[in-house]
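Asks: Following this message is one structure expressed as structure tokens.
Just so it is clear, none of the values below were taken in a lab; they were calculated from the coordinates. Here the structure is a predicted model, which is why all the values come from computation and not from measurement. Cβ placement follows ideal geometry from the backbone for every residue including glycine, while neighbour counts extend to all protein chains displayed.
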Amino acid sequence: METRKVQLSGGTTYTISLPKSWAEEQGIESGSLVSIHPNGDGSLLVDVLNEAETDERSAVIDISVTDSDALQQQLTALYTVGYDAVTLQDRNGHSIDRQQTVESAIDGLSGFELLEATETRIQLRNLIDATNIDVQKSAIRMRLVVLSMHTDALTAIADDDAELARRVITRDSEVDKLFAMVTRHFRRSLLDLREVEKLNHSRERLFEYYYVCRQFERVADHAVKMAQFVIEDDTTIPAQLSQRLSEYGETARSVLNMSADVVLTDGDIEMAHRSLSERDELVAALDSEDKNMYGHDEPDVAYTMGLLLDSIRRSAEYGANIATIGIQQVLRREGRER
């Protein structure tokens with residue numbers, strides 16, 4: 001670390017000198033432009049402006065030997081790491097099936113659009129700028145969808161409602177789409193300070209929102225897992241057991257909801273502690289219920305109940321993860337206010 005003395009220039013401007021070795025490494029010389037980004041903690045970040053950084057991030061991918069699954073995975077990866085333009089090339093020509101695979105993949109990626117498709121080239125471009133994205137509202141939207149999915153999954157089990165279970169599974173695509181978008185902009189914020197300014201949140205906040213959304217995405221996966229039992233498993237859960245499942249699920253959602261309030265709506269730290277206490281009580285009850293299943297007269301029911309109880313437990317644990325990050329957020333915020 002080097003220190004520099006602040007000097008008054010022209011009677012109105014404070015100046016400091018840049019370390020020469022650092023400036024030379026960055027290609028800075030007299031007349032070069034730098035951008036200065038104030039942080040909420042009182043620090044300043046200096047970013048070197050150059051022509052390469054103002055250009056969009058683009059990639060050209062040869063997919064001549066790429067199968068459909070790998071192609072979808074690559075497109076999702078290119079989107080989430082922040083590429084603005086992607087060109088898919090195959091000198092042997094793109095089949096109709098491949099174009100359909102591309103269209104299906106980008107349907108789950110907010111902002112990615114197919115601009116041009118020729119015999120050998122498919123061009124994709126992101127059309128949504130970060131200034132039009134509200135990461136916090138996207139996280140709040142995810143919470144609403146996930147809580148609804150979780151509730152409906154357990155209702156479908158209680159009512160043996162296959163149609164409701166299918167709707168739960170269908171809604172998972174909305175959660176995945178929101179999570180991919182949040183991931184994309186969080187990843188871009190790690191590399192580009194201008195992205196941070198456009199999103200209007202600090203990197204710390206963006207990480208917290210990303211982390212919360214990751215937990216939501218996992219809860220949604222367990223809602224789907226529970227819904228699939230209604231469609232794929234012939235086992236019927238007795239009314240008394242399904243009622244207890246519903247009660248356990250309600251407590252798990254309470255843990256998730258309270259924890260999310262701390263991070264997403266600046267709830268107080270006591271709310272996070274209550275959430276963790278509820279998690280502990282729920283886990284103890286689930287463990288007891290699971291042990292009772294060992295002596296159940298119907299092995300199929302006991303096995304299915306064990307899996308459902310595990311999904312509820314995991315949902316509560318993901319809520320507890322959010323509570324933990326919420327406590328850290330509150331303490332960080334209060335520490336800066338002192």
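Asks: Just to verify a number: FRET efficiency for residue 292 and residue 207, C-beta to C-beta distance, R0 = 56 Å, to 0.05?
Replies: 0.85
Asks: Another one. Quick one: angle between helix 96-106 and the longest Cα principal axis of the chain, in degrees between 0 and 90, rounded to 10, please.
Replies: Roughly 80 degrees between the two axes.
Asks: Specify which residue in the list 258, 65, 231 is farthest towards the positive end of the charge dipole of the chain, using unit charges on the beta carbon of Lys, Arg (+1) and Asp, Glu (-1), about the Cα centre.
Replies: Working it through, the farthest residue towards the positive pole turns out to be 258.
Asks: Still on this structure, I have one more. Helix 68-80 versus the longest principal axis of the chain: what is the Cα-based angle in degrees, 0 to 90, to the nearest 10?
Replies: Here the helix axis deviates by roughly 50 degrees.
Asks: Quick one: what are the phi-derived ³J(HN,Hα) couplings along the range 176-188, Karplus 6.51/-1.76/1.60 with θ = phi - 60°, whole Hz, x for glycine and proline?
Replies: Along the range 176-188, the couplings run 4, 5, 5, 5, 4, 5, 4, 4, 4, 6, 5, 4, 5 Hz.
Asks: Quick one: of the DSSP bridges fully inside the chain, what percent are antiparallel, nearest 5? If you can, show how the numbers build up before the last one.
Replies: On the way: 18 of 23 bridges.
Antiparallel: roughly 80 percent of the beta bridges in the chain.
Asks: Please work out the ratio of the alpha-carbon Rg of the range 58-130 to 2.2 N^0.38 Å and round it to two decimals.
Replies: This ratio for the range 58-130 stands at 0.99.
Asks: OK, next. In debye, nearest 20: dipole of the chain around its Cα centre with unit charges on the Cβ of K, R (+) and D, E (-)?
Replies: The calculated dipole for the chain is roughly 1340 debye.
Asks: Something else: Under a straight-distance cross-link criterion of Cα-Cα below 14 Å, which aspartates and glutamates are reachable from residue 198, leaving out those fewer than 8 residues away in the same chain?
Replies: Within reach: 129, 134.
Asks: Here's a follow-up. Cross-link partners among lysines for residue 20, C-alpha distance below 28 Å, same-chain residues fewer than 8 apart left out?
Replies: Partners found: 5.
Asks: Then there is this: Which lysines have a Cα less than 19 Å from the Cα of residue 225, not counting those fewer than 8 places away in the same chain?
Replies: 177
Asks: Can I ask one more? What nm value, rounded to one decimal, do you get for the distance between residue 18 and residue 243 when each label is placed 7 Å out toward the C-beta?
Replies: 7.2
Asks: Tell me what the chain gives for mean residue ellipticity at 222 nm when only DSSP H runs of n ≥ 4 count, each as -39,500 (n - 2.57), the sum divided by the residue total, rounded to 500 deg cm²/dmol.
Replies: -22000 deg cm²/dmol
Asks: May I pose another question? Assign one of three labels to the chain, namely rounded, prolate or oblate, based on the Cα gyration tensor with a ≥ b ≥ c the square roots of its eigenvalues; rounded applies when a/c is under 1.5, prolate when it is not and a/b is larger than b/c, and oblate otherwise. Spell out each step's value before the answer.
Replies: Numbers: a/c = 3.36, a/b = 1.44, b/c = 2.33.
Oblate is the answer for the chain, as a/c is 1.5 or above yet b/c matches or exceeds a/b.
Asks: A follow-up question, please. Any idea what angle helix 203-232 forms with the longest principal axis of the chain, computed on alpha-carbon atoms, 0 to 90 degrees, nearest 10?
Replies: In the chain, helix 203-232 runs at an angle near 30 degrees to the longest axis.
Asks: In sequence order, what are the phi-derived ³J(HN,Hα) couplings for the range 144-154 according to the Karplus relation 6.51 cos²θ - 1.76 cosθ + 1.60 with θ = phi - 60°, rounded to whole Hz, with x for glycine and proline?
Replies: Using θ = phi - 60°, the values come out as 4, 5, 5, 4, 5, 4, 5, 4, 5, 5, 6 Hz.
Asks: Run the quick spin-label model on residue 268 and residue 231: label points 7 Å from Cα toward the beta carbon, then report their separation in nm to one decimal.
Replies: A separation of 4.4 nm, rounded to one decimal place.
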